[in-house]
Amino acid sequence: MEEKKREEWMAVLRKSRLCRNLEEKELLNLMEQEGTVRTYSRGERIFQETDQPDSVYMLLNGSVIIAKETFSGKRILLAQLENPGALFGEVYAFMEKASYDMYVEALTQVSVLIMSSRIFTDREENSLSRKLRENLLEVFAGKAYNMNRKLRILGSGSLRERIVRFLVECQDSEGKIHMNLSREEMADYLNITRPSLSRELGKMQEEGILELDRRQILVKDQEKMELYL
């Protein structure tokens, strides 16, 4: 492992919620003994829906999507991860499932730390395992909150209500919308077709509610938009 890359990845571990309060030697152990760093090309899948769960994954760089496919082949986007230190597949370390029910695909070239799930389920009085389990509880709590947020969005009645709920959830305290999804990814997240999304956004722009500028969406009339909440 190149020294420069190792230091970059160690910096990610130090800042991650999973590794909070870990000593330097424990971080090294996690990356070099208990885990393996692997690089994936754009479009390559980190794991498939039919693979057997036996690892916990941490994104070191790049961007991935978490998705699943219906029987007809339609892709349902569950999440997009692009923050270094983000975990995925971790819930399966505590479940007795024979295979995943989703897949993870690289949107860009990515580096991933693959950790054996054994270290999270080791019942011996091991300092590293204990710290990781405690930190993982915080990760689970954060993901439960985000899942509840998505359920609120998808539980909205009409297509417009769903879009408005999504946009409001993406607004900051100044009303600006922060969103890194493309139109196609946004449609997948909302579980609608891209043409339907584009038509509805176009109507909202004609009505003076929104202004569309490539991937950016600007709210022109907040009160009118919130009528659909």
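Translational diffusion coefficient of region 80-220 (Stokes-Einstein, Kirkwood radius from Cα pairs, 4 °C, 1.567 mPa s): 72 µm²/s. When all protein chains stay in place and ligands, DNA and RNA are ignored, the 1.4 Å accessible-area order of T50, T70, largest first, is T50, T70.
Once you keep just the Cα pairs under 8 angstrom separated by 6 or more residues, what percentage relative contact order results for region 115-214? Intermediate values should be presented prior to the final figure.
On the way: 45 pairs, mean separation 13.4, N = 100.
Answer for region 115-214 is 13 percent.
Net charge in the neighbourhood of H178 (other residues with Cβ under 12 Å of its Cβ; Lys, Arg +1, Asp, Glu -1) is -1.
With n ≥ 4 as the cut-off for DSSP H runs, can you work out [θ] at 222 nm for the chain, using -39500 (n - 2.57) per run divided by the number of residues, rounded to the nearest 500?
On the way: 8 runs with 92 residues, N = 229.
Taking each H run of at least 4 residues, the total per residue is -12500 deg cm²/dmol.
Applying 0.36 nm per residue to the separation of S127 and T108 and subtracting their alpha-carbon distance, the gain on full extension is 3.3 nm.
Rounded to the nearest 10 degrees, the inclination of helix 127-154 to the longest alpha-carbon principal axis of the chain is 10 degrees.
Where nothing but the Cβ of Lys and Arg (+1) and of Asp and Glu (-1) is charged, how large is the charge dipole of the chain around its Cα centre, in debye to the nearest 20? Before the final figure, lay out each step's value.
Numbers: 36 positive and 39 negative charges, 88 e Å.
Charge dipole, the chain, about its Cα centre: 420 debye, nearest 20.
Take the Cβ atoms of R6 and M147, set R0 to 30 Å, and the FRET efficiency comes out at 0.35. Rounded to the nearest 10 degrees, the inclination of helix 3-15 to the longest alpha-carbon principal axis of the chain is 70 degrees.
In the elastic network of the chain, a GNM with C-alpha springs shorter than 10 Å, the most mobile of E26, E174, E134 is E174. Surface analysis of the chain yields an accessible area of 56 Å² per residue, using protein heavy atoms and a 1.4 Å probe. Contact order, relative form, for the chain: 19 percent (alpha carbon pairs under 8 Å, 6 or more residues apart, mean separation divided by residue count).
Relative to the present Cα-Cα distance, how much length would full extension add between M95 and F71 at 0.36 nm per residue of separation? Before the final figure, lay out each step's value.
Working: separation 24, 0.36 × 24 = 8.64 nm, distance 2.41 nm.
Full-extension gain reported as 6.2 nm.
Å³ per residue of the Cα convex hull, for region 37-127?
Details: hull volume 8.6 nm³, N = 91.
That works out to 95 Å³ per residue.
Taking Cα atoms only, the orientation of helix 159-170 departs from the longest principal axis of the chain by about 50 degrees. Just R194, R215, R20 to compare: in a GNM of the chain, with alpha carbon springs under 10 Å, which one fluctuates most? Judging by the Gaussian network model, the answer is R215.
Using the structure shown, list the pairs from K68/K203; K25/K97; K68/K143; K176/K224; K74/K97; K176/K203 with a Cα-Cα distance above 26 Å, or answer none.
Working: K68/K203 30 Å; K25/K97 33 Å; K68/K143 18 Å; K176/K224 16 Å; K74/K97 23 Å; K176/K203 20 Å.
Going by Cα-Cα distance, K68/K203; K25/K97 fall outside the 26 Å limit.
The values are calculated or read from the model by the stated rules, or taken from the named source; none is laboratory data. Computed from a predicted structure; not experimentally measured. In this analysis, Cβ positions are derived from the backbone assuming ideal geometry, glycine residues included, and neighbour counts consider all displayed protein chains. With ligands, DNA and RNA removed, areas are computed over all heavy atoms of the protein, side chains included. Shrake-Rupley method; radii C 1.70, N 1.55, O 1.52, S 1.80 Å.
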